[in-house]
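Every read-out reported here was derived from the displayed coordinates using simple, explicitly stated rules and does not represent laboratory data. Bear in mind the structure is a predicted one, so any value in this text is a computation, not a measurement. Reconstructed Cβ throughout: ideal geometry from the backbone, glycine too, with neighbour counts over all protein chains shown.
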Amino acid sequence: MAARIRRGDRVEVISGANKGQRGEVTRVFPDAQRAIVQGVNRVTKHTKPRGMGQPGGIVQEEAAIHLSNLALIDPKTDKRTRVSFRVLDNGSKVRVARATGNLIEG
């Protein structure tokens, strides 16, 4: 199945504690239906020292968010949109913004 949200896309969180925040997708886990979005859903982790030169301590990092809680941002209009797919004349399958019909690059 083709991915509606891919690495490098700009997305907005549409539900949950981080609702309304925007960021770029840095990693997608298709099997778990989750994604990591830069600067969104930050959690605090306590880490142990791992080897020489790596100190332990408290670090903040992004946690994964379920894909159903994310909406793609149309690059041309900068608004949220749903995604559909279209097969072009040359046989390639591309993502299309449902609201405007614009092709989504990537």
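Things worth noting here:
- Scanning the stretch 60-93 for residues that are within 11 Å of the chain's Cα centre (by Cα) and not polar (S, T, N, Q), we see that the one that is surrounded by the most Cβ atoms within 10 Å (Cβ to Cβ) is Leu70.
- Of everything in the stretch 30-50 that is part of a loop (DSSP other than H, G, I, E, B) and touching a strand residue (DSSP E or B) at 6+ places or on another chain (Cβ under 7 Å), the residue that is nearest to Ala63 (Cα to Cα) is Asn41.
Each row is one residue, and each column tells you yes or no for (1) free of Cβ contacts under 8 Å to residues at least 40 places away in the same chain; (2) within 11 Å of Ile5 (Cα to Cα).
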{"residue": "Ala35", "(1), (2)": "yes, yes"}
{"residue": "Thr44", "(1), (2)": "yes, no"}
{"residue": "Gly56", "(1), (2)": "yes, no"}
{"residue": "Ile65", "(1), (2)": "no, no"}
{"residue": "Asp78", "(1), (2)": "yes, no"}
{"residue": "Leu88", "(1), (2)": "yes, no"}
{"residue": "Ala97", "(1), (2)": "yes, no"}
{"residue": "Glu105", "(1), (2)": "yes, no"}
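- Scanning the stretch 25-59 for residues that are among the charged types (D, E, K, R) and over 11 Å from the mean Cα position of the chain (by Cα) returns Asp31, Arg42, Lys45, Lys48, Arg50.
- Only one entry of Arg27, Arg95, Arg7, Arg86 meets the criterion of being on the phi < 0 side of the Ramachandran plot and part of a loop (DSSP other than H, G, I, E, B), and that entry is Arg7.
- Residue list for the stretch 51-90, filter: in contact with a strand residue (DSSP E or B) (Cβ under 9 Å, 6 or more places away or on another chain) and charged (D, E, K, R): Glu61, Glu62, Asp74, Lys76, Asp78, Lys79, Arg80, Arg82, Arg86
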